[in-house]
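These notes are about the structure you will find just below.
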Amino acid sequence: MREFFHTMKVSFLLAAILYVILGLVLLLWPGVSAVVFCYAFGGVLLAYGVVTVVSFFLRDSRQGSFVFELLLGIIAAALGLLFLLRPAIVATILPVILGLFIVVDGLVNLKRALELRRMAYVRWNIPLWLSVGSVALGAFIVFQPFLAAEALVMFLGAVLVYEGVSDLWTIFRVTQWTKEYRKTHPVDVDPLDF
């Protein structure tokens, strides 16, 4: 079980770091070709999707299934392939695709925040509000017909940076909370191994 959590943590860290990097690229160089962006983001989506799907199937059958995360992994991998194989077509609907992906990722983070609440994590409301912010920003991107192309690219970059930083913060806090919990609640057998 501990290996599972480590794999999930690495997957989430990778996705969060890549969000920040791609977001910074879009903020600093908004004139980057949409096709070049499609190739870069397609590779990121494909890698994230594959890692998420593989980690789902490597879980012990006794563990709870996070079907929503499996669905996110499949969607991410499929979108990654679409971005890589048909970049010119994707470039025309890129804002809607990215907005929808950010909404879905925000919903997954919302589920994680509610799991933290269930586990009695004191500051569960912070990841909750960060995920609500992600959902709102993603929805704004989907329904923003008035933004100019370059402004939209910069806004997308800012949202990706926000998404990545909020994910990194959540991962850091959950890891820290888990370590503190283990120190204050010693057990003979680690419950994560069951």
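What follows is calculated from the coordinates using simple rules that are stated; it is not laboratory data. What you are looking at is a predicted structure, and each value in this text was computed from that prediction instead of being measured. Cβ sites come from the backbone with ideal geometry, for glycine too, and all protein chains shown count toward neighbours.
Could you estimate the translational diffusion coefficient of region 15-166 from the Stokes-Einstein equation, with Rh from the Kirkwood formula over C-alpha pairs, at 4 °C and 1.567 mPa s, in whole µm²/s? Intermediate values should be presented prior to the final figure.
Numbers: Rh = 15.9 Å.
It diffuses with D of about 81 µm²/s by this estimate.
Computed from phi, the 3J(HN,Hα) profile of region 44-52 under the Karplus parametrisation 6.51, -1.76, 1.60 (θ = phi - 60°) reads 5, 4, 4, 4, 4, x, 5, 4, 5 Hz, with x in place of Gly and Pro. Taking the inverse of the mean 1/r over every pair of distinct Cα atoms in region 12-60 gives a Kirkwood hydrodynamic radius of 11.9 Å. Axis angle, to the nearest 10 degrees, between helix 67-85 and the longest C-alpha principal axis of the chain: 30 degrees. Which residue, chosen from V90, A120, V142, occupies the Cα position most advanced towards the positive end of the dipole of region 68-150, where the dipole is computed from +1 (Lys, Arg) and -1 (Asp, Glu) charges on Cβ about the Cα centre? Towards the positive end, the residue furthest out is A120. Derived scalar couplings between HN and Hα for region 19-26 equal 4, 4, 4, 5, x, 5, 4, 5 Hz in order, rounded to whole Hz, by the Karplus curve 6.51 cos²θ - 1.76 cosθ + 1.60 (θ = phi - 60°), x for Gly and Pro. Here the sum of -39500 (n - 2.57) over DSSP H runs of 4 or more residues, divided by the residues of the chain, equals -28000 deg cm²/dmol at 222 nm, to the nearest 500.
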